[in-house]
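For reference, the structure is listed below as structure tokens.
The values are calculated or read from the model by the stated rules, or taken from the named source; none is laboratory data. Bear in mind that the values here come from a model prediction, so they are computed numbers and not experimental data. Glycine gets a Cβ as well: all are built from the backbone with ideal geometry, and neighbour counts include every protein chain shown.
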Amino acid sequence: MQNRHLSLKYIEGEFKMVDIPQAEKRIDLDKKISGEAQFIDDISFQGMLHALVLRSPHAHAEIVDINLDQALQVEGIEKIITGQDIKDEVINVDIGDHRPLAIDKVRFQGEPVAVVLSEDKWKAKKALNLIEVEYNPLKAVMNAREAIKEDRPLVHENQDQYDRHLNTNHHPGTNIFRHYKLRKGNVDQAFENADKIIENTYDYPQRSHTQMEPHGAIAKWTTDQEMVMYASTQSPFFVRTTIADMFNISDTNITVKAGYLGGGFGGKSDVSIEPLTAFIAKFVPNKYVKLKLDREEAFNASLIARGAEVNLKTAVTQEGKILGEKASLYFSSGAYGSTSVHIVTAAGHNSSGPYEIDNMEVDSYGVYTNTPPVGAFRGYGHPEVHWAKERQIHLIAKELDLNEHQVRLKNMLRPGSINALGQEIEEENGDLIGCYEKIKKKLDQIEIDKKPGKVYGKGIAAIMKSPVMPTNSAASATLRFNEEGTVDIACSGSEMGQGTKTAMKQIAAAGLKLPLEKIKIKEDISTDNSPYGWQTIGSTTTWKAGRAVMDAIEKAIDKLKENAELLLDIEKDKLEYQGEKIVSKDDENIYVKTEDICFGHLSENGLVTGEPVQTYGTYMPKGLTYTDPETGQGNAAAEWTFGAQGVVIEIDKETGELKLLNMMMAIDAGKVISPKMARGQIIGGMVQEMGGALTEELKYGKNGEMRNNSFTDYKIPTPLDLYDADLDVFFFETPEPIGPFGARGIAEHGTVGITPAFGNAISDALGIEMFELPLSREKIYLKMIEEGDLDV
Amino acid sequence: MAKEIKTTINNKKYKIEVPPQMTLLELLREKLIMTGTKEGCGNGECGACTVLLNDKPVRSCIVLAHEIEGKEVITIEGLKETGDFKEIKEAFIAEDAVQCGFCTPGFVMAIKALLNRTKTPTDEEIKEALGGHLCRCTGYESIHKAVKRLVK
Ligand code: FES
Ligand code: FES
């Protein structure tokens with residue numbers, strides 16, 4: 001890949017590791033299973049104030065007046081804060097379009113309008129009910145399609161005036177705040193040469209992350225310049241910077257602490273409620289203020305997910321070769337655009353799917369709408385475009401009367417191919433075709449035990465995924481040998497269930513050639529003294545923070561050798577580090593024990609030789625660039641991961657009810673650090689996305705109010721949906737040159753191709769084609785009637 | 001008006017004042033600072049707050065605190081001292097059935113309640129016991145395998 005910094009030492013050289021030591025259990029399992037693990041809402045302080053938020057009932061309205069008179073009469077109320085209290089505080093992740101509370105108008109139902117602080121939450125509730133707000137409702141735009149029309153209302157009248165961290169190529173005077181353009185080759189020529197042009201539009205609605213733990217944060221200002229915060233966040237350092245920026249103070253004046261997260265999935269990345277918590281706490285100095293969302297608020301007042309309409313026009317030959325493609329993507333990004341600028345980009349250049357398309361024209365738009373803001377969600381733009389692309393391939397094959405596998409294999413990226421960004425794919429990027437063949441074969445082998453009244457289908461999809469992030473997003477680690485020869489390691493990466501800290505312990509034990517018991521990984525993060533980590537996102541922790549740990553290990557080994565050199569009087573090049581000891585390369589009987597020199601060597605007369613071994617490791621992806629504003633080409637993705645997924649389903653011919661029988665994935669993980677946890681990540685991702693495939697969709701009423709903000713109305717997969725299903729995960733291991741021992745990230749990948757696998761399976765079962773998610777029982781039923789396939 | 005109730009929680013007797021609108025979950029988490037029981041929804045929809053009330057699993061977020069008058073409550077804090085917990089934990093370790101861990105105490109209580117009823121549950125009984133519990137991380141496979149390990 002272009003400008004790629006190659007370093008093969010972790011897969012071929014000194015550090016080559018065939019067997020990674022396996023932990024008996026996750027390092028946090030005991031605490032979590034016994035309920036001892038502390039999540040944000042388990043933390044309280046003496047005299048802490050509870051923050052209750054009055055939220056807008058309207059999706060789009062002017063605030064005419066707020067009357068606090070009666071509410072302020074309630075005894076025990078410490079403070080009530082409204083948008084009128086805002087001076088120039090702006091939340092700017094990428095675009096400065098967001099305030100901690102609404103000022104003159106509200107842009108989504110659920111937007112904060114006022115906050116009541118009280119030690120007693122019942123009193124706060126009472127006061128909240130007494131706040132009177134007069135609104136002047138405005139027409140709302142609920143999806144990108146409406147929002148780009150000529151006569152649409154504007155969600156932001158003056159988006160031109162907003163500060164931006166990067167050029168988002170917004171369209172002034174419209175709702176379009178981000179336009180990513182990709183131009184590659186000669187599309188018009190390709191369309192002229194084509195035997196057929198196939199055009200379809202695919203819809204992927206907005207969803208909710210529904211982490212089981214709702215968002216929460218606790219803040220206290222100790223002076224008017226210094227604040228400490230506890231938060232359920234994937235991004236403590238990013239939260240720190242964003243809040244410092246909001247108050248125009250130094251990063252170092254803010255401390256953000258993060259412990260365990262009850263799920264993140266992207267919905268706790270960037271910032272969500274932390275800036276608001278910091279803002280309101282500032283009015284009550286020296287008091288802790290806790291803002292904890294309830295479930296309804298977690299639905300309509302944090303970040304939501306996805307929401308894309310993808311139109312693909314594909315120029316193909318009779319033999320199924322893709323000559324060119326025009327893609328238009330419209331993201332319903334919600335009321336504030338900051339947290340979705342890069343999703344729009346990632347989706348844009350991944351709209352090719354894992355295929356080599358020489359001629360491409362992609363326009364990907366981030367559009368303001370009157371819904372809660374969209375943020376990262378497991379897969380980050382990739383599931384949205386794979387829903388479109390992998391259905392499109394299926395339909396191209398159908399249209400041309402070809403076998404869909406042949407169409408995929410004919411067009412797949414392989415070593416030497418140039419991808420949509422202009423990067424060359426190499427062997428090291430992984431075995432896409434191997435993964436695909438594996439799933440195809442597995443699907444072929446499954447013999448279905450057919451029942452009367454049911455039809456059956458098998459569906460497949462190929463996938464690719466890359467992390468999309470700022471070019472300078474660093475990870476780091478610290479390593480400290482203790483006197484007894486044990487090792488303390490801290491590294492970037494929040495623990496939100498993905499098993500990061502356990503994997504890091506394994507990586508460290510492997511790198512240091514020491515038993516797992518000698519390694520202790522620090523779990524909690526404090527921005528005061530933990531190693532820097534930009535955010536825990538994009539399946540990059542094992543890969544990037546793991547690499548930082550290896551960097552710290554290399555430096556530590558070097559220092560240990562220096563200590564040994566002094567003691568043994570043998571040049572360090574002539575010494576070999578073997579974990580528990582450091583041995584002369586010339587004579588294995590000459591050695592020192594690591595534990596005897598890791599703190600410097602203390603001789604009998606008290607004299608110390610050498611120094612304590614404490615090191616710092618970092619990793620920053622090398623050679624990344626912004627994409628060119630006109631062509632969208634550039635080194636925007638630091639690594640690629642390939643795979644394939646499949647499902648087998650049963651559909652009831654009378655009711656349209658769909659049952660999952662098999663679900664599977666093959667993925668080139670580079671190197672599997674922990675087979676059990678890796679499987680858990682893939683399966684968790686697949687099941688989460690199965691929700692998106694079959695049931696999950698945020699619905700809004702005619703005034704833009706969210707209609708299904710509870711688990712009763714918003715259905716996520718339950719144990720009953722999975723109990724009888726067979727799940728398979730197959731790992732390929734083509735080493736990735738940067739990751740520790742060749743490991744790639746895999747945490748999001750299970751989500752990427754599940755929706756098209758279901759769509760293709762329905763096509764296989766019934767011959768009907770679906771274009772809109774979710775593939776609900778009702779939709780299948782109606783489509784069956786429409787197509788006359790109903791067997792009643 | 002706050003009312004004084006007598007109850008037993010984790011085999012310890014309590015005499016406590018509870019406001020009429022207080023839920024059992026609030027009593028446990030906010031008054032007694034037993035935070036092992038989690039709140040995922042507050043509406044009886046997710047199972048994270050499951051505790052045993054007279055040996056039956058209940059969702060403590062929709063039980064009023066005064067309803068436990070004269071009854072026995074077991075929470076994860078009480079369960080973790082028992083041999084049954086050790087067995088459940090070993091099964092969870094073997095199958096790596098914990099990810100973020102937020103839903104876990106609720107699942108453990110549900111499994112304990114199931115095992116109280118029968119050591120050889122049918123598939124239908126397992127589904128009934130776990131069906132209403134939500135987990136957004138694991139995809140349930142590892143949890144199902146852990147339960148099957150326990151009833152084998
Ligand atoms: S918190 Fe009680 S069921 Fe969800
Ligand atoms: S382990 Fe995270 S919700 Fe179950």
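Taking residues in region A:29-42 that are in contact (Cβ under 8 Å) with a residue 60 or more places away in the chain, and partners anywhere that are surrounded by 24 or more Cβ atoms within 10 Å (Cβ to Cβ) and in a helix (DSSP H, G or I), the pairs with Cβ atoms closer than 8 Å and at least 6 places apart or on different chains are A:Lys32/B:Thr104. If you go through region A:163-180 one residue at a time, do you hit one that is within 16 Å of ligand 2 (Cβ to nearest atom), over 26 Å from A:Glu361 (Cα atoms) and touching a residue at least 40 places away in the same chain (Cβ under 8 Å)? Checked against the condition, which is being within 16 Å of ligand 2 (Cβ to nearest atom), over 26 Å from A:Glu361 (Cα atoms) and touching a residue at least 40 places away in the same chain (Cβ under 8 Å), region A:163-180 yields no hits at all. Candidates A:Ser584, A:Ser526: the one that is at pLDDT 95 or above and within 24 Å of the chain's Cα centre (by Cα) is A:Ser526. Checking A:Glu484, A:Glu517 one by one, the residue that is more than 24 Å from A:Ile746 (Cα to Cα), assigned to a helix (DSSP H, G or I) and either of a type in the set (Asp, Glu) or in contact with a helix residue (DSSP H, G or I) (Cβ under 6 Å, 6 or more places away or on another chain) (or both) is A:Glu517 and no other.
Applying a threshold of 9 Å to beta carbon distances and a minimum spacing of six or more residues, or different chains, the list of pairs starting in region A:705-724 at a residue that is more than 7 Å from every other protein chain (Cβ to nearest Cβ) and surrounded by fewer than 21 Cβ atoms within 10 Å (Cβ to Cβ) and ending at one that is assigned to a loop (DSSP other than H, G, I, E, B) and acidic (Asp, Glu) reads A:Arg707/A:Asp713; A:Asn708/A:Glu697; A:Lys715/A:Glu696.
Among the candidates A:Ile63, A:Ile77, A:Ile33, the residue that is in contact with a Lys or Arg (Cβ under 7 Å, 6 or more places away or on another chain), at pLDDT 95 or above, surrounded by 19 or more Cβ atoms within 10 Å (Cβ to Cβ) and assigned by TED's automatic domain parsing to the domain that holds A:Arg547 is uniquely A:Ile33. Please enumerate the residues belonging to region B:42-70 that are charged (D, E, K, R) and either near ligand 1 (Cβ under 6 Å from one of its atoms) or more than 11 Å from the chain's Cα centre (by Cα) (or both). Listed by number, the residues that qualify are B:Glu45, B:Arg59, B:Glu67, B:Glu69. Among the residues of region B:44-67, not a single one is at the interface with chain A (Cβ under 8 Å from one of its Cβ atoms) and at pLDDT below 95. Whenever a residue of region A:80-95 is among the hydroxyl-bearing types (Ser, Thr, Tyr), it has no partner that is at pLDDT below 95 lying with C-beta atoms less than 9 angstrom away and at least six residues away or across chains. Scanning region A:592-617 for residues that are among the hydroxyl-bearing types (Ser, Thr, Tyr) and in contact (Cβ under 8 Å) with a residue 12 or more places away in the chain turns up A:Thr594, A:Thr609, A:Thr615, A:Tyr616. Might you check whether a residue that is modelled with pLDDT under 95, more than 10 Å from chain A (Cβ to nearest Cβ), under 14 Å from the mean Cα position of the chain (by Cα) and more than 16 Å from ligand 1 (Cβ to nearest atom) occurs anywhere in region B:84-98? Yes: region B:84-98 contains one or more residues that are modelled with pLDDT under 95, more than 10 Å from chain A (Cβ to nearest Cβ), under 14 Å from the mean Cα position of the chain (by Cα) and more than 16 Å from ligand 1 (Cβ to nearest atom). Filtered by the rule that a residue be within 14 Å of chain B (Cβ to nearest Cβ) and assigned to a loop (DSSP other than H, G, I, E, B), region A:270-301 gives A:Leu293, A:Asp294.
Is it true that some residue in region B:20-28 is within 13 Å of ligand 1 (Cβ to nearest atom) and of a type in the set (Val, Ile, Thr)?
yes
Checked against (1) among the hydrophobic types (A, V, I, L, M, F, W, C); (2) in contact (Cβ under 8 Å) with a residue 12 or more places away in the chain; (3) surrounded by fewer than 23 Cβ atoms within 10 Å (Cβ to Cβ); (4) within 14 Å of another protein chain (Cβ to nearest Cβ), A:Ala765 meets all criteria but (4). Being within 15 Å of ligand 2 (Cβ to nearest atom), part of a helix (DSSP H, G or I), at pLDDT 95 or above and within 22 Å of A:Leu727 (Cα to Cα) is a property that B:Val147 has.
Would you check which residues across region A:399-438 are among the small types (Gly, Ala, Ser) and in a helix (DSSP H, G or I) and list them?
Residue satisfying the conditions is A:Gly434 alone.
From the set of residues in region B:27-43 that are of a type in the set (Lys, Arg) and within 18 Å of A:Ile33 (Cα to Cα), which is farthest from ligand 2 (Cβ to nearest atom)? Even if it seems obvious, please write down each step before you answer.
Residues of region B:27-43 that are of a type in the set (Lys, Arg), as a first pass: B:29, B:31, B:38.
Then keep just the ones that are within 18 Å of A:Ile33 (Cα to Cα); that gives B:29, B:38.
Details: B:Arg29: 18, B:Lys38: 9 Å.
Only one residue fits best here, namely B:Arg29.
Here A:Ala308 clears all of (1) surrounded by fewer than 24 Cβ atoms within 10 Å (Cβ to Cβ); (2) in a strand (DSSP E or B) except the condition numbered (1). Of the residues making up region A:670-700, those that are over 25 Å from A:Pro372 (Cα atoms), more than 13 Å from chain B (Cβ to nearest Cβ) and of a type outside the set (Val, Ile, Thr) are A:Gly670, A:Lys671. Residues considered: A:Glu399, A:Glu361, A:Glu424. Of these, the only one that is assigned by TED's automatic domain parsing to the domain that holds A:Lys458, surrounded by fewer than 24 Cβ atoms within 10 Å (Cβ to Cβ) and under 20 Å from A:Gly670 (Cα atoms) is A:Glu424.
Are any of the residues in region A:494-513 in contact with a strand residue (DSSP E or B) (Cβ under 6 Å, 6 or more places away or on another chain), crowded, with 19+ Cβ neighbours inside 10 Å, away from chain B (no Cβ under 14 Å) and in a strand (DSSP E or B)? If you could, list the steps in order and put the result at the bottom.
As a first pass, look at region A:494-513 and keep what is in contact with a strand residue (DSSP E or B) (Cβ under 6 Å, 6 or more places away or on another chain): A:494, A:501, A:504-505, A:508-509.
Restricting the remaining residues to those that are crowded, with 19+ Cβ neighbours inside 10 Å gives A:494, A:501, A:504-505, A:508-509.
Next, only the ones that are away from chain B (no Cβ under 14 Å) stay: A:504-505, A:508-509.
From what is left, the residues that are in a strand (DSSP E or B) are none.
No: zero hits.
What are the residues in region A:116-156 that are among the β-branched types (Val, Ile, Thr) and either crowded, with 19+ Cβ neighbours inside 10 Å or in the same structural domain as A:His58 (by TED's automatic domain parsing) (or both), if any? If the condition is that a residue be among the β-branched types (Val, Ile, Thr) and either crowded, with 19+ Cβ neighbours inside 10 Å or in the same structural domain as A:His58 (by TED's automatic domain parsing) (or both), then A:Val116, A:Ile131, A:Val133, A:Val141, A:Val155 are the ones that fit.
Could you go through region B:79-95 and let me know if any residue there is under 17 Å from A:Lys31 (Cα atoms), within 16 Å of ligand 2 (Cβ to nearest atom) and touching a strand residue (DSSP E or B) at 6+ places or on another chain (Cβ under 8 Å). No - not one qualifying residue is present in region B:79-95.
Screening B:Thr104 against (1) at the interface with chain A (Cβ under 9 Å from one of its Cβ atoms); (2) in contact with a His (Cβ under 7 Å, 6 or more places away or on another chain) leaves a single unmet condition, (2).
Scanning region A:226-269 for residues that are on the phi < 0 side of the Ramachandran plot, within 12 Å of chain B (Cβ to nearest Cβ) and either of a type in the set (Phe, Trp, Tyr) or crowded, with 24+ Cβ neighbours inside 10 Å (or both) gives A:Ser232, A:Gln234, A:Tyr260, A:Leu261, A:Gly262, A:Gly264, A:Gly267, A:Lys268.
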